[in-house]
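Rule-based calculations on the coordinates, nothing more; no lab input. Just so we're clear, the structure is a prediction, and the values are computed from it rather than from any experiment. Don't worry about glycine lacking a Cβ; one is built from the backbone with ideal geometry, like all the others, and counts go over all protein chains shown.
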Amino acid sequence: MNIIDKLYTEWAWRTESGIPDIKNSKDKAILDSILSELNIEEEPLVFEGSESYDKIIYDRFAQSKFIKDGDPMPIPKGKYKAPTSGTFYREIDGNDSEAWKLLWDLSPPAKSTGTASKGVGNGEVALYWLYNYADNGIQVTEGREGDSADLFFGKVGVEVKAEGNHTKQIGLGRFGEDKENLTLLSLVFGLQALSKVLQPKGEDSSKVINPTNFLGKELEPAFDGFIKFAALDNLDSLASQYAIFQTIKNNVEYVSKKINLTGGSTAAAASMAKLLVATKLSRKPGFGGYLVNLKPNGSMGWFNITEERLQDSENLLNNFTITQSKIKLNYSKIFPK
């Protein structure tokens, strides 16, 4: 039996369960006692998760004199609920506030530049430490491959944001790679713009909408115009005579295959909005996952992202916007507690 096996056997013998857990504060104290008895200098302890995050966290704690260099990684004092189901809000334990603030603006260096990564926002590293090192059995790892969630709590994707209010619109990211959805929006808003050109001057004073910058509620009038154009009695005749109208007819048919227009403009606008949002959320953070909004004071809003709630939402059009191809949602309204 080597020294590691002997150490583990002794540690297991002294714990209540017989299966020592480094995240359990009592088990950790027993290990510290054994190491002290054996006069073994302990290396800084880190848990399996993210090597780059672990290093910068430990360095920040040491540089800030929160711990002494060579001390084990600090363990959060509070108990933190695993994000498994349902939307919830909570505050961090006051005993963890100092550590949280130290880690709030921390991000790992980008491989290309060596400077702080712009892909890691405020609060993300602090959240990683809070849950990966807490006594809760959760292993937290980095995501970020492609358009995936920022972190994974076990297999649960978690997208991390740090905006001022849990109950206002929060950004999700760009949808530019969803080419089909962008095409649909371009066709709907494009036909609306064309109808304005064809109408007598002054009859329609509403603005022309850009498919990369609009309010959710602006989808409804856009589809209203689109549906009226699609219902023109002589569209087939015009399409047979003019190439431009053949293109319009093809576009109308394309949109009609993707979005059900028979229920009217309100239903069509809601369907378009849900398609747009669902496509993005299915990847980031993934249905069943979470978007968590963090504040510097330790307030957390955890929004459980489910396809069922999104499809059942009756007020999506009033609670999402597109700004420079970025989707913003009011998660508290769409995925309420």
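How would you order 59-66, 324-331, 238-245 from highest to lowest mean count of nearby Cβ atoms within 10 Å?
324-331, 59-66, 238-245
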Hey, what do the phi angles of segment 170-181 turn into as Karplus ³J(HN,Hα) couplings, whole Hz, using 6.51/-1.76/1.60 and θ = phi - 60°, x for Gly and Pro? 10, x, 10, x, 7, 10, x, 6, 7, 4, 4, 5
Would you mind working out the magnitude of the charge dipole of segment 54-102 relative to its Cα centre, with +1 at each Lys and Arg C-beta and -1 at each Asp and Glu C-beta, to the nearest 20 Debye? 100 debye
Can you put S237, S52 in order, fewest other beta carbons within 10 Å first? S237, S52
